[in-house]
Every structure is written in C-alpha cells, then in structure tokens.
Amino acid sequence: MTIRLGRRQFLMGSSALLAAGAAGINPAWAQSALRLIFWGGQARADRTYAVTDLYEGAGNPGIEGEFLAWNDYWPKLATQTAGGTAPDIIQMDYRYIVEYATRNAIAPLDDFVGGALNLGEFDADQLEGGKVDGKLYGISLGANSVATLVNKAAFEAIGEATPDNSWTYADLERLGEAFNSAGNGMKVFSDGSGTEPMLDNWLRQRGKALYTADGKLGFDADDAVEWFTMWNGFRDKGYIVDAETQALDTGTPESSMVATKKAAMMPSTSNQLVIHQSINDDELTIASYPRIAPGVGGGHYRKPSMFFSVGGASGDPEAAAAFINYFVTDPEAGKILGVERGIPCNSAVREAITPTLDEQSQIALNFVANLGDLVGALPPSPPAAAGEIDLNLLRVISQEVAFGARSAEDAGKAFVDDATAILARANA
C-alpha cells in the first residue's frame, strides 16, 4: 500500500499547496522535487525517508517518496511506466532489470559515472550486476546472499547444534528425524520446493544454472523431476511442513513458518535476519543453504539485493543520479541505512557503519563476508519473464505437487515446457 505523501507536502500541509496554487504561485521545490518509488515495509521507509531528509537538509532537491509492498509494487510500476508517469528514481530488482532496460523504461547511467556518480570505491562485482548488455542500468543498494534462517532456541530445545555453513541435505534428513522424535509439532524446515533461489542454489551446486547467459533455461526436465521428488520425500517423511500449513505463509515475515513456529528453519536472505528477529521472541541466526554433499560449494553468490535505477522518462536524470550517489556513498546516509538493504557496496561506507551495527546486522555482514567456497560466479541477469516463471509457474506447480494434484514426474516436465514457452514468447 502507498503510505506517504511527498515529504514536503507532509511538512507544509496540503493547505499551503492549495493556497500557493490559488495564487498562481509554483513553489521552486514543487518544480524540482524528484520522485522516488521503492518496495518494502515501514522500517525500510523510515530509514529511506531519514536519508531523503538529510539530503534535502544539505540544500539538495526535494524527494517525493512512495513505497508499496512487493506484490503491489510491480503492477503499479508497470502502469506508471506504460502511462509515461514513472518516477525519477526506481527501486529495481535483479529479476526485472533486463526487462526494464530493454524496454527503455530505465536509463543507462554510464554518462554520469565520474560525474554525478562517484563509484571509485564501489565493489566491482556489484557494479557488474547492474549492467545489461554492457551498459550500467542499476546501482546496487547492498550485497546479500541467500541464507537459511535458523531458530536457535528450537535447536537448543531438542539438544541439537544449529547448522553451520557445512551442513548438507543429508543433515536436513537427520535433523528432520530429530525434530519428529521431539514430538513438539515443529518441523525442521519449511517447504522450499517453490522457492526459486533455493532451486537456483541446488542447480548451481550441480554445475547447472537457472538461466543461461542467452536467456534460456540452464537445466532440463530430469533436473526438475529430481527437485520435486526430493521435496516429496522430505514431505512424506514429515521433515518439512505439510502443504496446508505452508499455504498459510503469505510472504510476510509475520506469516513465515519460523515466525509461526511451524518450522525451525526456512530459506531467506542475509539481510532479512534483521526484520525477522524484530518480530520473533526466539533468538535467530543464519547459515548457508544446505550443500548437496559435503564439500560441494559454488551455489551461493553475492547478489545485488536491489538497485536504484533512473526512470527512462525522468526530466532530470543527472539530478536523479546525484541522489543515488548520495544514497550509496555518503557515510552518514550509510549509518542510517545500516544493512537493511544488504551490505553496503562502497568500502568507505562499509568501514564507517561497522562499529554502529547491532548484533543481527553484524551476523549478516560477517555471513556475506565469509562465505568461502560456497561462493560461485555471479550468474547472468535473469531474462525478461523470469518474474512470471517464478511467481506464476514454479510456485503454482510446486503447490500442485505438495497437495498431490501432480506427480513429480509430470510437474518436472510441465515446469520446463511451460517455462521454455514463456521465455520464447517474452523474447519473440
């Protein structure tokens, strides 16, 4: 849901605007304010608006901010883009950056590098992640990694150590038996069969990929069948939550299987530890995704958590780039933002904020910095329609398998056939 009026509108009151308009006066800020849109919750909005206030207080152009929940964000942004009213600064996801760049819905930023954009201390891999066809379209707002969210108290209660970064899918089975034996109603893991990053990680450990550099699937039906079969086995043995319970997870932290204590672990990302801890009374931590076998790594990567991009129809792209530069390189802005959007990509900002971080933020920072052999190469940007394959295909088919409406064999073939058709249509 949209939750905030323009910052200066809020401060001055709508009556001041109406009076100025009636008098034929157009305030200077009303002409120069930049529009910003992002997805997230109130905590992210509070941090973001604190930075825009700091930016405006330094004599820079005003920022009219707007935020929405993830599921509401993309339809609204698509509508604004189609209508030519997209904001100047757009929070962009790795899954959608290719689609928006190829449609000219976001602007290339290369001409501003060295000018409005000072990226000399920016991590090279995060800059690379914001490129499409060699041009820079997104500035990473933080590096993160997929992670397993772990309820430490749940493990202590059954006398088991929490998994570390060496744990495997075989360990998930052993721990699944331990939780079943405890008889407390909690499963060791949520149902990860419809979690795209978990499938991606599992494929990468097998030397494959979700998508190839030329926008095709990087796996085949046999892989998909094996994936659904593995999760069917976990489900049948009671190691993971059942389909009916998993369906209660609506995607919010509050409805997650860890928050509702239905499971001791669930797939997440490193930067999500902070928000999950804020709503859980048990102490949480994070570990890697399980390895397919001891010593097998390469599934993880330092992913740009999200980007700021400049709208393709922005009337002042240089001013928008200057705000983005402030957001990612100013140490005081960095102290406000913390690691909520991931580990800062500017080394000076990273150094400045480290002493100020709370315990959960320190855990997230150390996790991303010490992934070791778990880290593989940054995959190519997902092709156009990758979001549709995730939301409308993998999640639906995985639920059909979980509820017994499809066999793993049928689901694996259907997933690959339908995903291939979606990619072909999107790239026609």
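The values are calculated or read from the model by the stated rules, or taken from the named source; none is laboratory data. Computed from a prediction, not measured in an experiment: that's the story for all the values here. Positions of Cβ are backbone-derived with ideal geometry, glycine not excepted, and every protein chain shown enters the neighbour counts. To get the accessible areas, we keep the full protein, side chains included, count just its heavy atoms, and leave off ligands, DNA and RNA. Shrake-Rupley method; radii C 1.70, N 1.55, O 1.52, S 1.80 Å.
Quick check on my filter: what residues within region 72-86 are β-branched (Val, Ile, Thr) and within 18 Å of ALA385 (Cβ to Cβ)? Hit for region 72-86 is THR81, nothing else.
Of the residues ALA82, ALA58, ALA78, ALA69, the single one that is within 22 Å of HIS276 (Cα to Cα) and either without any contact (Cβ under 8 Å) to a residue 60 or more places away in the chain or open to solvent by 40 Å² or more (accessible area, probe 1.4 Å) (or both) is ALA69. Is there a residue in region 380-398 that is more than 26 Å from SER288 (Cα to Cα), free of Cβ contacts under 8 Å to residues at least 60 places away in the same chain and over 26 Å from the mean Cα position of the chain (by Cα)? Scanning region 380-398, I find no residue that is more than 26 Å from SER288 (Cα to Cα), free of Cβ contacts under 8 Å to residues at least 60 places away in the same chain and over 26 Å from the mean Cα position of the chain (by Cα), so the answer is no. For region 334-352, the tally of residues that are in a helix (DSSP H, G or I) and surrounded by 22 or more Cβ atoms within 10 Å (Cβ to Cβ) stands at 3. Going through (1) in a helix (DSSP H, G or I); (2) surrounded by fewer than 21 Cβ atoms within 10 Å (Cβ to Cβ) one by one, ASP200 falls short only on (2).
Among the residues of region 129-151, is there at least one that is in contact with a strand residue (DSSP E or B) (Cβ under 9 Å, 6 or more places away or on another chain) and without any contact (Cβ under 8 Å) to a residue 40 or more places away in the chain? Yes, region 129-151 contains at least one residue that is in contact with a strand residue (DSSP E or B) (Cβ under 9 Å, 6 or more places away or on another chain) and without any contact (Cβ under 8 Å) to a residue 40 or more places away in the chain. In region 367-383, the residue that is surrounded by the most Cβ atoms within 10 Å (Cβ to Cβ) out of those that are at pLDDT 90 or above, on the phi < 0 side of the Ramachandran plot and part of a helix (DSSP H, G or I) is VAL368. If we scan region 90-103, do we find a residue that is exposed (fewer than 14 other Cβ atoms within 10 Å of the Cβ), part of a helix (DSSP H, G or I) and acidic (Asp, Glu)? Checked against the condition, which is being exposed (fewer than 14 other Cβ atoms within 10 Å of the Cβ), part of a helix (DSSP H, G or I) and acidic (Asp, Glu), region 90-103 yields no hits at all.
Reported count of residues in region 204-222, each being assigned to a helix (DSSP H, G or I) and surrounded by fewer than 19 Cβ atoms within 10 Å (Cβ to Cβ), is 2.
Taken over region 173-204, the criterion of being aliphatic (A, V, I, L, M) and within 30 Å of the chain's Cα centre (by Cα) is satisfied by LEU175, MET186, VAL188, MET198, LEU199, LEU203.
Filtering region 123-164 to residues that are modelled with pLDDT under 95, open to solvent by 20 Å² or more (accessible area, probe 1.4 Å) and in a strand (DSSP E or B) leaves only LYS131.
Number of residues in region 398-417 that are more than 13 Å from ASP191 (Cβ to Cβ), open to solvent by less than 70 Å² (accessible area, probe 1.4 Å) and assigned to a helix (DSSP H, G or I) equals 6. The test for being under 22 Å from ILE139 (Cα atoms) and touching a residue at least 60 places away in the same chain (Cβ under 8 Å) holds for ALA377. Look at GLY185 and say whether it is in a loop (DSSP other than H, G, I, E, B), among the small types (Gly, Ala, Ser) and open to solvent by less than 20 Å² (accessible area, probe 1.4 Å). In short, no.
Each residue in region 167-181 was checked for being crowded, with 16+ Cβ neighbours inside 10 Å and farther than 21 Å from TRP231 by Cβ, and 0 pass.
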